[in-house]
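Structure first, then comments.
We did not get these values from a lab; they are worked out from the coordinates using the rules stated. Keep in mind the model is a prediction, meaning the values are calculated, not measured. Cβ coordinates were reconstructed from backbone atoms using ideal geometry, including for glycine residues, and neighbour counts include every protein chain displayed.
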Amino acid sequence: IQSADHTMEMVIEVARKLREEHSFRGYIHLKTIPEASPALIERAGRYADRISINIELPTQQGLTKLAPEKNLARTQGAMGHIRGKIEERFGEKRKPGAPKPPPFATGQSTQMLVGADDASDATILHRADHLYSGYRLRRVYYSGFSPIPEPSKLLPVKPPPLVREHRLYQADWLLRFYDFKVGEIVTPDAPNLDLALDPKLAWALRNRALFPADVNRAPREVLLRVPGLGVRNVERILAARRHCRLRLADLLRL
């Protein structure tokens with residue numbers, strides 16, 4: 001832990017020099033570790049726009065097998081501390097009349113490896129959803145496992161298909177911006193995403209009875225589930241149909 005704190009101190013000192021000695025006002029993203037002391041994390045947040053602690057794998061079982069020095073509960077505890085500092089900065093935990101707290105990062109993120117263990121896409125997405133809702137993470141990054149020469153016998157010999165990482169990012173987008181639930185994207189019968197189909201299209205094909213949707217009458221939550229319609233175009237449709245009835249040519253212009 002002392003070595004970890006020393007490494008963190010050097011990283012924070014670089015950020016401090018950038019801010020205070022070189023007047024750098026751009027984006028700084030600092031990575032920390034669960035073992036870092038709360039005081040060091042608070043110092044890191046003073047100079048960084050975003051802080052991240054990599055969770056690495058979605059389950060403690062996977063960590064115990066491949067990275068026994070890591071602990072899921074400890075990592076989430078550190079994330080909870082960071083969330084508290086962010087909320088404190090923006091006044092969510094401040095009492096009326098209390099002094100304004102020192103500056104702190106505006107968000108946090110994490111990363112999970114894909115394909116290093118046998119965790120299904122459902123397990124990965126449930127963990128991501130828990131982190132978004134419980135710790136207010138800005139982003140969960142998914143990184144496909146890449147074997148090295150002469151790897152441990154515990155690790156797979158081949159990397160997962162690159163498209164799996166891409167599908168997880170698409171599913172993650174549905175959770176964050178399209179009001180989908182994990183149970184709608186993956187199911188007990190199909191715990192892994194279809195590599196051949198966009199997860200939004202895959203959901204639509206499983207729920208054909210809900211279509212077609214009338215773009216002139218359907219509520220926002222239905223339009224968001226139409227394959228091919230993104231958040232921006234849904235907002236454009238909602239704004240335009242207040243003035244006239246939309247036709248195919250109008251949609252093409254969008």
Q: At most 11 other Cβ atoms within 10 Å plus a DSSP loop assignment makes a site exposed; report the longest stretch of the chain without any exposed GluC sites (Glu not before Pro).
A: 93-254
Q.
Show me the chymotrypsin sites (Phe, Trp or Tyr not before Pro) within region 12-62 that DSSP assigns to loop and that have at most 16 other Cβ atoms within 10 Å of their Cβ.
A. Phe24, Tyr27
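Filter the chymotrypsin sites (Phe, Trp or Tyr not before Pro) in region 177-237 to those in DSSP coil with at most 10 other Cβ atoms within 10 Å of their Cβ, and list the result.
Numbers: sites: Phe177, Tyr178, Phe180, Trp203; in loops: Tyr178, Phe180.
Sites meeting the loop and neighbour criteria: none at all.
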Q. What per residue convex hull volume, in Å³, comes out for region 58-126 when only alpha-carbon positions are used?
A. 106
Q: Consider the candidate values [x] 15; [y] 39; [z] 49; state which one is percent of Cα pairs over 32 Å apart computed from the structure displayed.
A: [y]
Q) At 10 °C and 1.306 mPa s, what whole-number value in µm²/s does Stokes-Einstein give for the translational diffusion of region 1-92, with Rh from the Kirkwood sum over Cα pairs? A) 112
(Q) Suppose only helical runs count, i.e. DSSP H with n ≥ 4. What mean residue ellipticity at 222 nm does that imply for the chain under -39500 (n - 2.57) per run, divided by all residues and rounded to the nearest 500 deg cm²/dmol? (A) -13000 deg cm²/dmol
Q) Once the Cα atoms of helix 231-240 and of the chain are each reduced to a long axis, what angle between those two axes, in degrees from 0 to 90 to the nearest 10, is obtained? A) 50
**Q.** Neighbour net charge for Val215 - beta-carbon separation under 12 angstrom, K R +1, D E -1
**A.** +4
Q: Kindly express, to the nearest 10 degrees and within the range 0 to 90, the angle between helix 2-16's C-alpha long axis and the longest C-alpha principal axis of the chain.
A: 70
Q: Starting from region 69-120, pick out the trypsin sites (Lys or Arg not before Pro) whose DSSP state is loop and whose Cβ has at most 15 other Cβ atoms within 10 Å.
A: Lys93, Arg94
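Please work out the FRET efficiency for the pair Ser152 and Arg242, using the Cβ-Cβ distance as r and a Förster radius of 35 Å; give the result to the nearest 0.05.
That pair, Ser152 with Arg242, gives E of 0.05.
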Q.
Can you list residues from other chains, or at least 5 along the same chain, whose modelled amide H is less than 5 Å from the amide H of Gly107?
A. Ile51
Q: Please list the non-local residues whose amide H lies under 5 Å from the amide H of Gly144, H modeled 1.01 Å from N, same-chain partners needing a gap of 5 or more.
A: Val114
